[in-house]
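A short write-up of the structure that comes next.
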Amino acid sequence: NAGVTQTPKFQVLKTGQSMTLQCAQDMNHNSMYWYRQDPGMGLRLIYYSASEGTTDKGEVPNGYNVSRLNKREFSLRLESAAPSQTSVYFCASMGSYEQYFGPGTRLTVT
Amino acid sequence: AQSVTQLGSHVSVSEGALVLLRCNYSSSVPPYLFWYVQYPNQGLQLLLKYTSAATLVKGINGFEAEFKKSETSFHLTKPSAHMSDAAEYFCAVSWLYSSASKIIFGSGTRLSIRP
């Protein structure tokens, strides 16, 4: 099992550009999550999906959109990137109250 | 509202010394509690979890944590630090919300080990 995979690993965007971060899990989990990690702030929840076809806002949803394409895949889209969105993004899925994390995407917006 | 507070953003101990990382939580319902570890440039890995069974929880790499309801604490300990323990550690609290569990993370504690 690959667990949770994320692409890309690194990305540099200019202000105003758009991009989609991809996430997939092969553990048959219903719940999936997107977090951002910034120094000294821990992980903050952007969006989550309780099951295929449903999504809900987390703590910091502004500037992001998500799509739960199917049970395996949960993508995060930045429509118009801003420097404040420079961060490390983690996708996670949950089973038995334990979250499994992907390796992260390091995004820089200039 | 549920929250997690980790005391000390940076803790430094000598190799072989006791490791103690502090975590206090606030929850209006019985919580599930977790400690995660993050090595440089990697994702988070679960160390241990408390889900209302035994209050003393043993995890991987010799770590353990004790749930103390009266103190609303879930401190992480390891009797003897090893150089490989240097990493960032996150305490987290979870509860069942709607149809999905949500987890709130503390701000993290960076553990350094002195030779």
Across A:92-103, the residue-averaged tally of Cβ atoms belonging to other chains within 10 Å stands at 5
Can you give me the relative contact order of segment B:16-115 as a percent, contacts being Cα pairs under 8 Å and 6 or more apart? 31 percent
Set the bar at 27 Å for Cα to Cα. Now go through A:K71/B:K69; A:K71/B:K58; A:K71/B:K78; A:K71/B:K49; A:K57/B:K68; A:K14/A:K71 and name every pair that lies beyond it. A:K71/B:K69; A:K71/B:K58; A:K71/B:K78; A:K57/B:K68; A:K14/A:K71
How many angstrom lie between the Cα centre of segment A:89-105 and the Cα centre of segment B:45-88? 20 Å
Taking Cα atoms only, Rg over Rh for segment A:1-85 with Rh from the Kirkwood formula is 0.96
nm² value of the averaged projected area, convex hull over the Cα atoms of the protein assembly as shown: 12.3 nm²
In debye to the nearest 20, the charge dipole size for the protein assembly as shown, taken about the Cα centre with +1 at each Lys and Arg Cβ and -1 at each Asp and Glu Cβ, equals 180 debye
For a quick check of your reading of the filter: which trypsin sites (Lys or Arg not before Pro) in segment B:1-70 sit in a DSSP loop and have no more than 11 other Cβ atoms within 10 Å? B:K69
Between B:Q45 and B:S80, what is the FRET efficiency for a Förster distance of 30 Å, r being their Cβ-Cβ separation, to the nearest 0.05? 0.90
Mind checking the dipole of chain A: about its Cα centre, +1 per Lys or Arg Cβ, -1 per Asp or Glu Cβ, Debye to the nearest 20? 260 debye
Please report the equivalent ellipsoid semi-axes of chain B, computed as sqrt(5 x eigenvalue) of the Cα gyration tensor, largest first, in whole Å. 24, 14, 12
Looking only at A:K71, A:K14, A:K57, which one moves most when chain A is put into a Gaussian network model with springs between Cα atoms under 10 Å? A:K14
What does the structure give for A:38-49 when I average, per residue, the other chain Cβ atoms found within 10 Å of the residue Cβ? 4
Just tell me how shielded A:25-36 is by partners: mean number of partner chain Cβ atoms within 10 Å of each residue's Cβ, no decimals. 1
Between A:G3 and residues 5 or more places away or on another chain, the pairs with built amide H atoms under 5 Å apart involve A:D26
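A short reminder: the numbers here are calculations on the coordinates, not readings from a lab. Keep in mind that what you see is a predicted model, and the values were worked out from it rather than measured. Cβ coordinates were reconstructed from backbone atoms using ideal geometry, including for glycine residues, and neighbour counts include every protein chain displayed.
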